[in-house]
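Visitor: This is the structure I want to talk about, given as structure tokens.
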Amino acid sequence: MKSLLALLSAAMLAIPPLQAAVTGTFQVTSAWSGGYVANLILSNSGTAGLTNWNANLSTRDTVSNAWNGTATPVTGGYAVTPASWTAVIPAKGSVSVGFQFNAAVSTPSKPTKLTVNGTSVPLSVILPGATPTPTPSATPTPTPLPTPSPTATPKPSPSATPVPSPSATPTPAPTATPVPSPSATPAPSPTPTPAPSSTNNGLSARHLTGYFPSWSDPYYYYAGYSGTPMTDAQLIAASKLAATSQTPYTDIAIAFAQPNFSWSGLAANTWAGTGIQFSSAPQDVAQSIRILHQAGQRAILSVGGATYGNWSGLAAEATLPAGSAPIRTALAKILVDLKLDGLDVDYEVSGADALTVSNYAQAILNMRLAVDLATQTDGRPRQLAVAAWSTGADYTAAVPDPANPNRISYWGGSAGRERLTFASTISSGAYAGRTVGSLADAVNIMAYDAGYQHYDPAVAYDQYRSLVPATTAVSIGLEVAPEAWGGAILVVNNSDAYQAGTVIQLDQYGNVLNVPDSVQRDGTHVLANGINSKDGLMVWDLLLTNRVALTGPGGTPVNSAVPATIASEALTLFGSSTTTPATPSASPTPTPTPSASPSPSPSATPAPTATPVPSPSASPTPAPSGSIITTGSIGFHDYYGASPTSPQDTLVLDGDTYTDLILSNLTAGVMYGHLIQKATPGILFNKDYLYGSILGQLLQENIASEYYTKGSTQLAPSPLQAAVMGTGQGGPYQINNYAADMVAGTYAPAGFSLINYAALQKNIGYTMATAATQYSKPTPTSFNDLYFGPMLCAYFHFNDYLALQYIGGTSLTTPWTAASHGWTPQWQPYFSGSLQSFTGLANAPLDILLNQAYNQGYYGPLLTASSKTCQNATAATVASMNSFTNAWGGDSYAQYPYQVRGYLDQLYNIPTPSTTNLSVTVTASNHVAVNMGSLGTIFSNVFQKLGYVNASGAYGPIPAASAQAAFQSALTANGLTASSVLDLSSATGRPVIYAVLEQAISTLESNLGTDFSAVTMSQL
């Protein structure tokens, strides 16, 4: 056997030299007398990932346990090596290794040095309640978060799965000793800071646009190193982007993406290929964008700028079809993924020659098409803005003024560029016959790049106003001194203009002016033009806050304008509106496919002592209204290629008889997907089938669901259905082994039983004390509740999802991995491989695997066979798994996943094979009108049935007001109102409904400061 030193030496030979821009953060998440828990976060701000890293951390304290990596004692500290799942520090991303330390004193010692691959790197230290202490050089670090007690710290797993939760047929697993947690009483967690108001911040109906430099936003980690996601207040404190929600700017332009753009998707969580320069990862920035939306602001992505000039590829795509335009597709995808509200063309290529103008025109067209594609994908209204050259609308010798050909601008170079570009006529495609200038919803004039000696922003505004349609909003751009070009110094009031640079001497055409270069003058000039009530002002940039001290008239001291004073003056001039500004869109037709919600890390649930508050009664669900009429039917209880081939039961949808039943199940289905994506960030699945699987299971497993009565609070109200509530039946969804712990293989809860879920304990109908004998008792009536029953089913399947990963682990709190396990169940390593391959794989067939696990059980052959098929899944694998040949003529176990899909195909009007002939497809013609106000009532009724631990430590039902506020926020973010009506059976309406439910769930979870996947071993 080699010595440890030899092994370490050999390992280090394989480590490449450090080339990425790595910084370290050592964050203590909890401390007690004699020990503490800390995370070492390594962040890579470079453009390439760092693989096979190792680190040395200098500390005098002793590591007793580590996760996400290993810690080996060396002189002066520890050598840290990554686990297989943390071996790569992605570009613009980070990895975290956790430690439990023993310390002789209650105050953790500060590590003094960090090296990565032999190179010393900056290290910031965050102690509980303290601000970061950089060593040896300042490095942006996250804001400290409230921390859980040491006993509540789960041991992380490679798949970011929360603390244990369960699944299907119980099977004994070898007993292993869990990692001990400190037993000392921890210091209390900080009191959560109230979240800022998410209401409109007095926004003007006019545009007040501010550019935000992505490179200036400090690093933050929304999910929280302690496993507790940031509150909105903490996020606003940590992120300058999120903090702009506290300003009255209506439009936040995020600068800059590169024109030669590519995007790996939100699940990849990297800015590689985008040119965007945030220190934080996309999933974290998405949360800051959410904060902007809550404030009624729009967030748009600015492409180009002075840094990026690589426009040729983007321009060349303008005449290509969608499938042949990867840059357009990538831009549309990031708009959808980050829920951005549009694009901004910032084409800063000098010159007004024919090639420059042509490329500019083609770039504007292609970006218009990208905006349209995004809106067609998710239904979100969006805008295309153009950051126009200061002198681009000037008359020149090449573009003379028809009324006065001798009126020539002082400026050469790019003067007249936009006048030429905007007049270009589009020759083909969706916008054939239109001028390029008509494609923009907004034009922001960079009216600060021509100094004060020969340039008047008011003249530029008038010229641009005449170039574009009346429906296009035009804004005068302002720049904060001293960055403004040519020595111009912007002041707030006309009376402040006195010193050189604050007074405009001549306009573009040589007319003597001597007028103030002030916010007041520009804003007043915009107001005087009555063409478009949204015309306004633009600012570069929002983070330029240093004022220039000036001398005003009579020697009085005045200051130059900064974003805050510009905004204040703008509101004084423009007034404010209590309504969120509407976003124009050239393509109003929605065809949404919402992106996956960012996945916060799970956290353990504390054991509170307060008396639960009784659940409020459910509100009656109003009937939908609108032009969509619910009609059609769904046949069920049939087989593919086996008897019976004709449906034995039918839901007749007319009259909205079953709409509330469908929507309560759909709400639970979206919660099911939310829980899975929290456990495994980046995993993808077919939303139609996974979100719909709860309803599909009800149709297949319940006795004659057509007996449901509209307005009933019971899933199975008929006496003819009573058998499903018998001993061991598990209610209408037939979740027969609901009382079992799916990993421990016992009826005593051990972390993977439904009773362990904090959200369910409130209404599950039995207690931790009686759980071990519940299998011998009738099914609790709560399992038949219209609003609670579907959620129970969702958690049951989520429990399966986790148990399949934890069975065979070295302990009940440690998942199975190929490198570390107690024993190997038959579905491993194939199931783990499948989950890895489903990360980033569109429409992955996760629903099929989990329905096989539910219906046939973990140890049946179907789950193992399908896991083998999917362990290296591709799009071809998805097509193979989707084929109904897998069910044709098979037994009930082979049929079940495809029966569920077949019922959902009918609901969604998706072509599905005939039950008698595989080569024949049948397409239903159904419509399910979903009034969003009605859906909001159902959402509220569902979530009032769930429990949570509030900020005071009391356990009780989720308040109706909280659920309603979260749902309303989601409606607003998606451009909808309570009176909106969408068709669930429509390929355009359904994804919008999904997007609303996804956002409502995430918002509610965040607002409550809870974790819907949390488990507890206590009776709450």
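The values are calculated or read from the model by the stated rules, or taken from the named source; none is laboratory data. Everything quoted here is computed from the prediction, not taken from an experiment. Quick reminder, even Gly has a Cβ in these numbers, built from the backbone with ideal geometry, and neighbours come from all protein chains shown. Remember, those area values only see protein heavy atoms, side chains included, never the ligands or the DNA or RNA. Shrake-Rupley method; radii C 1.70, N 1.55, O 1.52, S 1.80 Å.
Visitor: Calculate the spin-label point distance for ALA322 paired with SER428, positioning each point 7 Å from the Cα along the beta-carbon direction, and give it in nanometres.
Guide: Label at SER428, label at ALA322, 1.9 nm between them.
Visitor: Right, another one. Take the solvent-accessible surface of the protein heavy atoms, probe 1.4 Å, and return the percent of it on the stretch 641-698 that carbon and sulfur atoms account for. Mind dumping the intermediate values first?
Guide: Details: 610 of 1230 Å².
Within the stretch 641-698, the accessible surface is 49 percent carbon and sulfur.
Visitor: Here's something else I'd like to know. Could you work out the percent of alpha carbon pairs in the stretch 659-700 separated by over 10 Å, rounded to a whole number?
Guide: Working: 587 of 861 pairs.
So the pairs more than 10 Å apart make up 68 percent of the total in the stretch 659-700.
Visitor: Let me ask something additional. Pop out the Kirkwood hydrodynamic radius of the stretch 265-329 from its pairwise C-alpha distances, inverse of mean 1/r, in Å to one decimal.
Guide: 14.1 Å
Visitor: Quick one: pull the percentage of alpha-carbon pairs in the stretch 760-834 with a separation above 14 Å.
Guide: On the way: 1909 of 2775 pairs.
Of all Cα-Cα pairs in the stretch 760-834, 69 percent lie more than 14 Å apart.
Visitor: Give me the 1.4 Å probe accessible area per residue for the stretch 386-491, excluding ligands and nucleic acids, in Å². All intermediate terms of the calculation are to be shown ahead of the outcome.
Guide: Details: 3610 Å² over 106 residues.
Value returned for the stretch 386-491: 34 Å² of accessible area per residue.
Visitor: Something else about it: Could you work out what % of the accessible surface of the stretch 206-364 is carbon and sulfur, using a 1.4 angstrom probe and leaving DNA, RNA and ligands out of the count?
Guide: 54 percent
Visitor: I need the shape label for the stretch 489-532. Rule: rounded when a/c is under 1.5, else prolate if a/b > b/c, else oblate, with a, b, c from the alpha carbon gyration tensor. Mind showing how you got there, number by number?
Guide: Working: a/c = 2.96, a/b = 1.28, b/c = 2.30.
Oblate, since a/c reaches 1.5 and b/c is not below a/b.
Visitor: If you don't mind, there's one more thing I want to ask. Based on alpha-carbon atoms only, what is the radius of gyration of the stretch 470-570 relative to the globular estimate 2.2 N^0.38 Å?
Guide: It is 1.08.
Visitor: Can I ask one more? Mind giving me the FRET efficiency for ALA879 and TRP823? R0 is 25 Å, r the Cβ-Cβ distance, nearest 0.05 is fine. Working shown, then result.
Guide: Values: r = 34 Å, r/R0 = 1.38.
E between ALA879 and TRP823, to the nearest 0.05, is 0.15.
Visitor: Sticking with this one: Using only the Cα atoms of the stretch 620-715, build the gyration tensor, take square roots of its eigenvalues as a ≥ b ≥ c, and label the shape rounded, prolate or oblate: rounded if a/c is under 1.5, else prolate if a/b is larger than b/c, else oblate.
Guide: Oblate is the answer for the stretch 620-715, as a/c is 1.5 or above yet b/c matches or exceeds a/b.
Visitor: Taking R0 as 45 Å, what FRET efficiency do you get between SER643 and ASN310 from their Cβ-Cβ distance, rounded to the nearest 0.05?
Guide: Approximately 0.10, to the nearest 0.05.
Visitor: Which order, highest average first, do 529-536, 302-309 follow once you tally other Cβ atoms within 10 Å for each residue and take the mean per peptide?
Guide: Packing order, densest peptide first, comes out as 302-309, 529-536.
Visitor: To continue, here is another question. Taking 2.2 N^0.38 Å as the expected size of a compact globular protein, what ratio does the Cα radius of gyration of the stretch 672-823 give against it, to two decimals?
Guide: Expressed relative to 2.2 N^0.38 Å, the Cα Rg reads 1.10.
Visitor: Heavy atoms only, probe 1.4 angstrom, no DNA, RNA or ligands counted: give me GLU348, GLU1005 ranked by accessible area, highest first.
Guide: GLU348, GLU1005
Visitor: Would you work out the charge dipole size for the stretch 505-580 about its Cα centre, treating the Cβ of every Lys and Arg as +1 and the Cβ of every Asp and Glu as -1, and quote it to the nearest 20 debye?
Guide: That gives the stretch 505-580 a dipole magnitude of about 120 debye.
Visitor: Please compute P(r) over all alpha-carbon pairs of the stretch 332-426, binned at 5 Å starting from zero, and give each bin as a whole-number percent.
Guide: 3, 14, 21, 18, 13, 12, 9, 5, 4, 1, 0
Visitor: Output the relative contact order of the stretch 34-84, whole-number percent, from Cα pairs under 8 angstrom with separation of 6+ residues.
Guide: Values: 47 pairs, mean separation 17.1, N = 51.
Reported relative contact order: 34 percent.
Visitor: Another question, if that's okay. Write down the radius of gyration of the stretch 351-498 and its Dmax, each obtained from C-alpha positions, in Å.
Guide: 16.6, 53
Visitor: Starting from 0 in steps of 10 Å, tell me what percent of the Cα-Cα pairs of the stretch 836-898 lands in each bin.
Guide: Going out from 0 Å in 10 Å bins, the stretch 836-898 shows 23, 57, 20, 0 percent.
Visitor: Let me ask you something else. Once you have all Cα-Cα distances for the stretch 767-894, histogram them in 10 Å bins from zero and send the whole-percent values.
Guide: In whole percents, the pair-distance histogram is 11, 34, 33, 19, 3.
Visitor: Work out how far the C-alpha atoms of the stretch 868-1004 reach from end to end along every principal axis, then list the three figures in whole Å, largest first.
Guide: On the principal axes, the stretch 868-1004 reaches 56, 35, 27 Å in Cα extent.
Visitor: Heavy atoms only, probe 1.4 angstrom, no DNA, RNA or ligands counted: give me SER324, SER934 ranked by accessible area, highest first.
Guide: These residues rank, largest area first, as SER324, SER934.
Visitor: Taking the Cα atoms of the stretch 239-295 alone, what are Rg (to one decimal) and Dmax (as a whole number) in Å?
Guide: 12.0, 33
Visitor: Ignoring ligands, DNA and RNA, please state the percent of accessible area on the stretch 824-958 from carbon and sulfur, probe 1.4 Å.
Guide: 50 percent
Visitor: Once you have a ≥ b ≥ c as the square roots of the Cα gyration tensor eigenvalues for the stretch 944-1020, tell me rounded if a/c is under 1.5, and otherwise prolate or oblate according to whether a/b is larger than b/c. Don't jump to the answer; show the numbers that get you there.
Guide: On the way: a/c = 3.03, a/b = 2.24, b/c = 1.35.
The shape class here is prolate.
Visitor: Something else now. For the stretch 293-372, what is the accessible area per residue in Å² when the probe is 1.4 Å?
Guide: 28 Å²
Visitor: Right, something else. Cross-link partners among aspartates and glutamates for LYS868, C-alpha distance below 20 Å, same-chain residues fewer than 8 apart left out?
Guide: Excluding near neighbours in sequence, the set is ASP800, ASP847.
Visitor: Any idea what the alpha-carbon Rg over 2.2 N^0.38 Å comes to for the stretch 205-244?
Guide: 1.42
Visitor: At 7 Å along the Cα-to-beta-carbon direction for both VAL512 and VAL922, put a label point, then send me their distance in nm to one decimal.
Guide: Placing both labels 7 Å along Cα→Cβ, they lie 8.8 nm apart.
Visitor: How would you rank 708-717, 654-663, highest first, on the average number of other Cβ atoms within 10 Å across their residues?
Guide: Order by mean packing, descending: 654-663, 708-717.
Visitor: Same structure, new question: List the relative contact order of the stretch 790-924 as a percent without decimals, with contacts defined as Cα pairs under 8 Å and 6+ residues apart.
Guide: The normalised contact order for the stretch 790-924 reaches 17 percent.
Visitor: Take the residue pairs LYS113/LYS240; LYS92/LYS687; LYS339/LYS678; LYS113/LYS678 and return only those whose Cα atoms are more than 24 Å apart.
Guide: Cα-Cα > 24 Å for LYS113/LYS240; LYS92/LYS687; LYS113/LYS678; rest within.
Visitor: Would you please put 748-758, 796-806 in order of how densely packed they are, using the mean number of other Cβ atoms within 10 angstrom per residue and starting with the highest?
Guide: The most tightly packed comes first, giving 796-806, 748-758.
Visitor: About its Cα centre, how strong a charge dipole does the stretch 253-352 have in debye, to the nearest 20, once Lys and Arg get +1 and Asp and Glu get -1 at the Cβ?
Guide: 220 debye
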